[in-house]
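We did not get these values from a lab; they are worked out from the coordinates using the rules stated. Not measured: the values here are computed from a predicted model. Backbone-built Cβ (ideal geometry, glycine too); neighbour counts: all protein chains shown.
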Amino acid sequence: MRILVGVLGALALAGPCLAQDANAQFLAQNARAPGVNTIPGIQYKVLKSGPSDGAHPQRSSTIRVRYEGKFLDGRIFDSSKNDPEGAVSFPLERLIPGWVTALQLMRPGDEWIVYLPPEYAYGEAGKDAIPPNSILEFRIELLSVN
C-alpha cells in the first residue's frame, strides 16, 4: 500500500510537468504551421481582415464578437452560437489575459484563430469544464468596438 501511495503521489506531482511538456511541444509545432503568427506568449492565425482604418479596442472598450472556444482535441466548450443573437458583448478588461492581448490587435471585421497557453487562459487552476493547464483555441470575429 505504501508503494502504491508513493507512485500515485509521484504521478500527481508529475501531472503538471507532463502537461507543460505537451503544451510546449504543441506550441513549438504550431508556431511552424502555415499562417500562424506569434506575439509574446500567444499564437494566432488571421482568417479574415476587416478595414485597415478600423479602431483597435482599448482595454476599457466593450467589444461585440462571435466566437467559439475549443480544446485542442476539437471539443467545443463555449460558443456565442448559444446566444440568441449569435454574438455577445463583453467589457474587454474583464476577459482572460489572452483575449485582452489579442483583441487589442484586432479591428472590426477581423476573424482570427487564437491559441492561448494556460498562462493566458485559465492557468493551473482551470475553470468549470476547462481542466488545469489547458491550451485553448478560440475562433474570434470582432464585430464592433464601443
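Looking at the stretch 87-113 only, could you name the residues that are touching a helix residue (DSSP H, G or I) at 6+ places or on another chain (Cβ under 8 Å), crowded, with 19+ Cβ neighbours inside 10 Å and small (Gly, Ala, Ser)?
Correct list: GLY98 only.
Taking the conditions exactly as written (under 21 Å from SER52 (Cα atoms) and in a loop (DSSP other than H, G, I, E, B)), does ARG107 satisfy them or not?
It is true that ARG107 is under 21 Å from SER52 (Cα atoms) and in a loop (DSSP other than H, G, I, E, B).
For the stretch 89-99, does any single residue satisfy the condition of being within 17 Å of the chain's Cα centre (by Cα) and in a loop (DSSP other than H, G, I, E, B)?
Within the stretch 89-99, one or more residues are within 17 Å of the chain's Cα centre (by Cα) and in a loop (DSSP other than H, G, I, E, B).
Does the stretch 29-57 hold any residues that are exposed (fewer than 12 other Cβ atoms within 10 Å of the Cβ) and free of Cβ contacts under 8 Å to residues at least 60 places away in the same chain, and which are they?
GLN29, ARG32, ALA33, PRO34, GLY35, PRO40, PRO51, SER52, ASP53
Which members of the stretch 50-73 meet the condition of being in contact with a helix residue (DSSP H, G or I) (Cβ under 9 Å, 6 or more places away or on another chain) and under 15 Å from ILE113 (Cα atoms)?
Scanning the stretch 50-73 gives VAL65, ARG66, TYR67, GLU68, LEU72.
Could you tell me whether the stretch 113-130 includes any residue that is under 15 Å from VAL65 (Cβ atoms), in contact with a His (Cβ under 8 Å, 6 or more places away or on another chain) and not charged (D, E, K, R)?
Looking through the stretch 113-130, none of the residues is under 15 Å from VAL65 (Cβ atoms), in contact with a His (Cβ under 8 Å, 6 or more places away or on another chain) and not charged (D, E, K, R).
Within the stretch 86-94, can one find any residue that is touching a Leu at 6+ places or on another chain (Cβ under 8 Å) and at negative phi?
yes
Residues of the stretch 64-82 being within 23 Å of ILE135 (Cα to Cα), in contact (Cβ under 8 Å) with a residue 40 or more places away in the chain, out of contact with any Gly (no Cβ under 9 Å at 6 or more places or on another chain) and outside any loop (DSSP other than H, G, I, E, B), which ones?
Result: VAL65, TYR67, GLU68, GLY69, LYS70, PHE71.
Failed condition for MET106, given (1) closer than 23 Å to SER144 by Cα; (2) touching a residue at least 60 places away in the same chain (Cβ under 8 Å), with all others met?
Failing condition for MET106: (2).
Without any contact (Cβ under 8 Å) to a residue 60 or more places away in the chain and either outside any strand (DSSP E or B) or not hydrophobic (A, V, I, L, M, F, W, C) (or both) - does that describe any residue in the stretch 112-122?
Scanning the stretch 112-122, I find at least one residue that is without any contact (Cβ under 8 Å) to a residue 60 or more places away in the chain and either outside any strand (DSSP E or B) or not hydrophobic (A, V, I, L, M, F, W, C) (or both), so the answer is yes.
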